[in-house]
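To keep things clear, I will list the structure first and then write my remarks on it.
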Amino acid sequence: MMFTTAARWPAVFLLLSALCTLFVPAVTVKHENFKTCDQSGFCKRNRQFADDAAASSWTSPYALDPATITFKNGQLSGTVFKTLKEGEAQVRLPLTVTFLESGVARVTLDEERRLKGDVDLRHGSQARKERYNEAGKWALVGGLKVADGAALSEKAEAGYTKVFYGDAGKHQAVIRHAPFGIEFQRDGETQIKFNDRGLLNMEHWRQKVEPPPKEEEKKEGDEENKDEEKTEEKVEEKKDEGPKGEDESTWWEETFGGNTDSKPRGPEAAALDISFPGYEHVFGIPEHATRLSLKTTRGGDGNYKEPYRLYNADVFEYEMDSPMTLYGAIPFMQAHRKGSTVGVFWLNAAETWVDVVKSKTTANPLALGLKGHTDIQTHWISESGLLDVFVFLGPTPQDLTRQYGELTGYTAMPQSFAIAYHQCRWNYVTDEDVKDVDRKFDKFNIPYDVIWLDIEYTHEKKYFTWDPLTFVNPTKMHKHLDKRERKLVAIIDPHIKNTNDYPVIDELKKKGLAVKNKDGGDYEGWCWPGSSMWIDCFNPAAITWWKGLFKYDSFKGTAPNTFIWNDMNEPSVFNGPETTMPKDNLHHDNWEHRDVHNINGMTFHNATYEAMLERKKGEIRRPFVLTRAFYSGSQRVGAMWTGDNLAEWSHLEASIPMVLNQGISGFPFSGADVGGFFGNPSKELLTRWYQTGIFYPFFRGHAHIDTRRREPYIAGSPYTEIITQALRLRYQLLPAWYTAFHEAATIGAPIIRPNFYIHPEDEKGFAVDDQLYVGSTGLLAKPVTKEGAESVSVYIADDQPYYNYFDYTVYQGAGQHTVPAPLDTIPLLMQGGHVIPRRDRPRRSSGLMKFDPFTLVVVLDKDGNAAGTLYVDDGETFDYQQGAYIHRRFSFDGKRNALTSTNLHPRATVKTDAYLKTMAKVRVEKVIVVGAPKAWKGKSQVVVSEEGAKESARKRQVGFEYYESSGKKAAWAVVRDPKVAIGKGWKIDFS
Ligand SMILES: *[C@@H]1O[C@H](CO)[C@@H](O)[C@H](O)[C@H]1NC(C)=O
């Protein structure tokens with residue numbers, strides 16, 4: 001959450017409003033609080049560079065000296081020289097191109113002089129001198145094994161070095177020496193080009209030349225005027241490098257919103273153009289409130305004028321359809337066309353801007369066979385650090401998500417409660433309030449699993465304490481919730497109140513574990529508690545200390561059913577530049593905050609995850625920690641939500657592409673606040689939001705402190721009933737969701753999937769981002785996001801039959817289909833060809849469903865076949881890592897007229913057997929066949945056989961009912977209680 005109004009925070013408000021203008025209540029985002037590219041020196045310089053390069057016959061001054069090239073163990077090394085003005089020494093940039101076994105290539109470019117520490121820092125700074133080179137240490141966990149097979153091409157060609165790599169040498173990197181550039185090819189066809197437009201720009205270290213005294217005097221004058229004049233004056237001098245040189249006004253110091261960045265290392269940007277020839281769509285680089293298919297960012301009708309920005313920030317009342325930065329950053333982009341998906345991962349944690357331009361070449365009628373095509377040109381600009389890019393050549397979307405996951409880790413398998421419904425608000429005000437809300441859910445028969453506490457539960461915003469007046473008996477509250485297997489999530493933020501009588505801040509200071517200011521003292525800023533300091537989780541000692549704070553005897557009043565929410569970890573600093581930390585702050589090992597900013601939130605999130613693992617010796621449960629800030633790798637330790645949205649239809653609509661984008665970008669455990677955080681949703685909007693929220697992998701209702709209560713039972717009839725139905729649908733499908741999470745955890749697949757991911761050959765559907773598929777289940781939802789809607793138009797990509805989930809109405813044929821969607825109806829279809837696992841018994845929480853029987857919905861495709869999978873484990877411990885799980889494949893073979901369950905578990909262990917024993921009595925209680933063949937009409941029994949059954953029971957007849965098709969509704973059939981075990985092999989014969 002972010003700021004509230006003045007009334008509730010008088011002290012903070014008065015103090016801060018004197019410091020800056022952040023606190024004026026507003027209805028829209030305060031643009032003036034966040035930089036535009038033009039206000040961010042390095043972005044402006046590099047955009048100017050791009051414009052100049054396009055306007056002139058520009059040649060990039062970077063050249064790879066062929067004499068320096070060596071190739072060893074799958075890695076090419078060499079030196080790229082940047083030529084400055086005549087007579088000046090060249091800048092030496094060490095290059096590596098590493099070819100990985102996975103078929104991914106990695107390119108790094110460093111700067112020798114900074115690397116050697118042969119530079120001077122200004123202001124006596126203690127900061128590190130080299131370009132930041134540890135992003136990989138935090139983001140990468142695997143996939144770095146080099147390819148033994150990678151080889152330099154034997155055919156020497158003037159001006160190029162070629163390397164064959166990837167599966168059967170299908171990939172080729174063509175490295176051009178001068179100007180330096182790389183083309184990545186698959187099967188001889190170029191997919192990705194580096195420095196094709198000559199925008200490579202490594203801002204090398206240089207000594208500051210003090211401006212003439214005239215300029216000095218101006219410093220006394222008006223800030224803005226000074227900047228303008230200075231820029232103008234410099235225009236003439238811009239001759240030394242770049243197409244027209246660089247604008248020096250922001251090299252050494254930058255002031256924004258009253259904060260001055262001392263920039264002790266001077267300019268240090270790393271920028272590169274990356275082109276995708278023949279591609280029309282690029283996706284990824286969350287987090288932005290924008291469409292899935294990224295827009296052009298350099299102006300024009302309906303396009304953006306600003307680049308997509310990645311600089312984790314607490315953006316108050318963020319706006320829709322915007323490239324503005326938000327709370328998290330994943331610099332992974334994928335380009336998609338028919339037959340090919342490729343991508344890049346820009347491993348850099350500093351402030352980053354990405355321009356996207358689509359360049360269309362129209363068909364030339366004179367050149368036969370030359371079709372018109374579109375190229376996507378991107379321009380990546382980071383403020384500091386190494387240039388470090390991974391290149392993925394696909395060719396499928398599945399290859400990309402798997403390979404990216406191999407590098408940065410897959411989604412942590414959550415506890416099963418974590419994918420059920422979460423009820424949050426700022427704030428449930430007392431422990432009695434919590435119990436009361438809990439009782440009301442029960443009274444209205446509404447399922448929920450988790451209730452949340454925002455910051456007000458603490459004693460004066462001191463984390464790890466409870467307000468003694470309002471949360472009198474937290475232990476009793478936890479016990480109350482545990483009766484129905486429910487959990488409590490409490491918020492813990494990274495800012496530590498700077499006050500007396502608070503052991504946590506005393507220890508933080510005494511142990512020296514806080515983030516430091518540029519002079520090496522403990523950095524102090526403002527956040528919820530007022531004056532605060534921030535734990536520096538880049539410091540291993542800080543993580544060790546943090547772990548201790550969560551032990552039950554340290555964080556008293558918590559219990560095994562307490563879990564944690566990390567908010568404000570961008571970090572949000574109310575009086576800092578752009579609501580975050582000064583860039584010249586120092587972290588562990590003297591890295592500047594500038595270098596690590598986008599990773600900061602992840603280190604804190606990770607530390608909390610680690611702490612939750614060690615609350616008590618021997619009690620090992622999968623942690624659940626929600627984060628707002630994130631980076632590549634955050635998926636390994638928890639879930640994210642899209643921050644402080646508004647109770648408006650546009651925010652409901654935007655949540656779908658945002659969550660889809662999280663999915664294909666490796667962090668699929670995501671969701672938006674149901675109902676909208678700020679403002680009061682109408683009952684209709686709230687209802688539609690629940691009907692949408694049941695399709696977010698992370699499903700939580702949340703509301704701002706100034707809003708009215710809106711728990712599902714409050715809206716009244718018919719809204720409460722309709723919302724309850726939506727919640728029940730989520731609970732009914734939990735087995736399918738859990739299976740989708742297992743796919744995310746093992747192969748990096750998104751949990752909800754956009755059209756292009758399921759139908760990569762369907763060009764018309766590439767940009768479709770307002771409907772979604774749930775895992776591999778074939779469930780296709782098109783949530784209603786428009787007020788007063790009575791129907792929706794669902795896009796169908798293929799010629800399979802799609803059945804309405806509720807009444808089996810058939811929709812078939814590629815194109816748009818109108819599906820009824822009055823308020824009480826959720827537009828949900830089932831693609832033919834799947835088996836969907838469910839649990840149909842209504843319960844109060846998911847924990848109470850643990851041993852419930854299953855229903856299988858067999859949805860036949862146009863050829864009469866279907867298949868699906870189910871993954872189940874104890875939903876709680878890590879025993880699944882030792883084999884304690886059930887993984888089945890169900891398939892219906894239309895020719896053989898039989899449904900079978902086969903084992904997907906690769907090899908049973910002692911733990912597998914023990915787990916199977918606990919699940920021995922859990923059965924399939926119903927099989928529904930949708931699109932049932934006519935030949936089944938009149939049949940009243942089917943034959944069931946199960947592995948390991950006693951001879952006498954080996955073949956059993958069980959009851960069967962057939963329902964004829966009527967109108968557009970498909971025929972269907974039900975097998976009543978076949979009583980086959982969910983963990984065993986079996987067959988149901990329909991012939
Ligand atoms: C997470 O914490 C572990 C244990 O302290 C540490 O080894 C690891 O580097 C941390 N990872 C991140 C991304 O912070």
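The values are calculated or read from the model by the stated rules, or taken from the named source; none is laboratory data. None of the values given here were measured: they were computed from a predicted structure. Reconstructed Cβ throughout: ideal geometry from the backbone, glycine too, with neighbour counts over all protein chains shown.
Odds and ends about this structure:
- Some residue of segment 488-498 being within 16 Å of the ligand (Cβ to nearest atom), in contact with a Gly (Cβ under 9 Å, 6 or more places away or on another chain) and either at pLDDT 95 or above or not aliphatic (A, V, I, L, M) (or both): yes
- Residue identified as over 22 Å from the mean Cα position of the chain (by Cα) and surrounded by fewer than 21 Cβ atoms within 10 Å (Cβ to Cβ) among S359, S322, S384: S359
- Scanning segment 334-350 for residues that are in contact with a strand residue (DSSP E or B) (Cβ under 7 Å, 6 or more places away or on another chain) and more than 26 Å from Y757 (Cα to Cα) yields N348, A350.
Quick grid of which residues meet (1) modelled with pLDDT of 95 or more; (2) more than 16 Å from the ligand (Cβ to nearest atom); (3) among the charged types (D, E, K, R):
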residue	(1), (2), (3)
W526	yes, yes, no
F538	yes, no, no
W546	yes, no, no
D553	yes, yes, yes
T562	yes, yes, no
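- Where strands (runs of 3 or more DSSP E) sit wholly within segment 600-711, those with at least 2 residues that are away from the ligand (no atom under 16 Å from the Cβ) and not charged (D, E, K, R) occupy 699-701.
- Flag: P837 matches the condition of being crowded, with 21+ Cβ neighbours inside 10 Å and either in a loop (DSSP other than H, G, I, E, B) or modelled with pLDDT of 95 or more (or both).
Let's see how each residue does on (1) surrounded by fewer than 23 Cβ atoms within 10 Å (Cβ to Cβ); (2) within 16 Å of the ligand (Cβ to nearest atom); (3) touching a residue at least 12 places away in the same chain (Cβ under 8 Å):
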position	(1), (2), (3)
N517	yes, no, yes
G520	yes, no, yes
I535	no, yes, yes
L549	yes, yes, yes
D589	yes, yes, yes
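- From V504, V489, residue being in contact (Cβ under 8 Å) with a residue 12 or more places away in the chain, assigned to a strand (DSSP E or B) and assigned by TED's automatic domain parsing to the domain that holds E592: V489
- Residue that is part of a strand (DSSP E or B) and closer than 21 Å to G663 by Cβ, where the choices are Y803, Y811, Y773: Y773
Residue-by-condition table, conditions (1) at pLDDT below 95; (2) surrounded by fewer than 23 Cβ atoms within 10 Å (Cβ to Cβ); (3) in the same structural domain as I656 (by TED's automatic domain parsing):
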position	(1), (2), (3)
Q732	no, yes, yes
W737	no, no, yes
E743	no, yes, yes
G748	no, no, yes
L779	no, no, no
I796	no, no, no
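- The residue that is nearest to H480 (Cα to Cα), counting only those in segment 394-433 that are among the acidic types (D, E) and surrounded by fewer than 21 Cβ atoms within 10 Å (Cβ to Cβ), is E432.
- Annotation: L729 fulfils all but one of (1) over 30 Å from S845 (Cα atoms); (2) more than 23 Å from the chain's Cα centre (by Cα); (3) among the hydrophobic types (A, V, I, L, M, F, W, C); (4) not in a loop (DSSP other than H, G, I, E, B); the unmet one is (1).
- The conditions of being closer than 18 Å to I928 by Cα and touching a helix residue (DSSP H, G or I) at 6+ places or on another chain (Cβ under 6 Å) are not met by R896.
- When G159, G124, G117, G149 are checked against the criterion of being away from the ligand (no atom under 16 Å from the Cβ), assigned by TED's automatic domain parsing to the domain that holds F194 and touching a His at 6+ places or on another chain (Cβ under 7 Å), a single residue qualifies: G159.
- Subset of segment 127-146 (residues that are within 16 Å of the ligand (Cβ to nearest atom) and either part of a loop (DSSP other than H, G, I, E, B) or more than 36 Å from the chain's Cα centre (by Cα) (or both)): Y132, N133, E134, L140, V141, G142, G143, L144
- Residue count, segment 150-169 (criterion: of a type outside the set (A, V, I, L, M), surrounded by fewer than 19 Cβ atoms within 10 Å (Cβ to Cβ) and touching a residue at least 24 places away in the same chain (Cβ under 8 Å)): 1
- Of the residues screened, L727 is one that is surrounded by 19 or more Cβ atoms within 10 Å (Cβ to Cβ) and closer than 28 Å to V857 by Cα.
- Residues within segment 245-272 that are in contact (Cβ under 8 Å) with a residue 12 or more places away in the chain, over 20 Å from P582 (Cα atoms) and either surrounded by fewer than 24 Cβ atoms within 10 Å (Cβ to Cβ) or of a type in the set (V, I, T) (or both), tallied: 2
Per-residue answers, yes or no, for (1) farther than 30 Å from T580 by Cβ; (2) modelled with pLDDT under 95:
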{"residue": "V24", "(1), (2)": "no, yes"}
{"residue": "F34", "(1), (2)": "no, no"}
{"residue": "T70", "(1), (2)": "yes, no"}
{"residue": "N73", "(1), (2)": "yes, yes"}
